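Accompanying notes for the structure given below.
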Amino acid sequence: MTSPFYIGLAEARTLLATMGIELSHRQMKRAADLDAHGKRKLPFFVDPIDKRLKIEKGTLLEIYCRCQVQAENNSHVNPASLKESFDQGRLIR
C-alpha cells in the first residue's frame, strides 16, 4: 500500500492540466470551496497545520477516472466496440 500524497490547489490544477483538463485558478477554488450546503465539489480539506486546502492526489485522479468510466457506460456508443468499426483508418458503414 502506498502512502497518501497530499497536494494543494495549485498542484491539483497542474496535475489536471497534464491530463488535458485546463482549469483557471478561480474554477479550482470554486471546486474546493464550500457551497451553500457546506459541501465541496471535490474532497479538499483544510490542512490543520498550514490552514491551506489539500486533496489526496490518488483520490483526485480516481474521481476523474471514475467519471470517465461512468460516461462510457452511459453513452450510446460502446467504446470497446469501436475497434470493430474501423478498418485501416476508415469507418465501415
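The values are calculated or read from the model by the stated rules, or taken from the named source; none is laboratory data. These numbers come from a predicted model, not from an experiment. Counting neighbours? That spans all protein chains shown, and the Cβs are built from the backbone with ideal geometry, glycine included. Calculation scope for accessible area: heavy atoms of the full protein, side chains included, ligands and nucleic acids excluded. Shrake-Rupley method; radii C 1.70, N 1.55, O 1.52, S 1.80 Å.
Of all residues in the range 59-85, those that are over 22 Å from Ile21 (Cβ atoms) have Cβ atoms under 8 Å from Cβ atoms of residues that are at pLDDT below 90 and acidic (Asp, Glu), 6 or more apart or on another chain, in Asn78/Glu72.
Quick one: count up the residues across the range 44-59 that are closer than 18 Å to Arg13 by Cα and of a type in the set (Asp, Glu).
Taking the range 44-59 first, the residues closer than 18 Å to Arg13 by Cα are 44-47, 52-59.
If we keep only those that are of a type in the set (Asp, Glu) too, we end up with 47, 56.
Looking only at that region, the number is 2.
Yes or no: Val77 open to solvent by less than 90 Å² (accessible area, probe 1.4 Å) and in a loop (DSSP other than H, G, I, E, B)?
Working: open to solvent by less than 90 Å² (accessible area, probe 1.4 Å): yes; in a loop (DSSP other than H, G, I, E, B): yes.
So Val77 fits the description; yes.
Do we find a residue being surrounded by 10 or more Cβ atoms within 10 Å (Cβ to Cβ), farther than 23 Å from Thr2 by Cβ and in contact with a Leu (Cβ under 8 Å, 6 or more places away or on another chain) anywhere in the range 49-57? Working first, answer last.
Step one: list which residues in the range 49-57 are surrounded by 10 or more Cβ atoms within 10 Å (Cβ to Cβ), which gives 52-57.
Applying the additional criterion that residues be farther than 23 Å from Thr2 by Cβ yields none.
Within the range 49-57, not a single residue is surrounded by 10 or more Cβ atoms within 10 Å (Cβ to Cβ), farther than 23 Å from Thr2 by Cβ and in contact with a Leu (Cβ under 8 Å, 6 or more places away or on another chain).
Across the range 12-30, which residue is farthest from the chain's Cα centre (by Cα) among those that are touching a residue at least 12 places away in the same chain (Cβ under 8 Å) and either surrounded by 14 or more Cβ atoms within 10 Å (Cβ to Cβ) or outside any helix (DSSP H, G or I) (or both)? Only one residue tops the list, namely Lys29.
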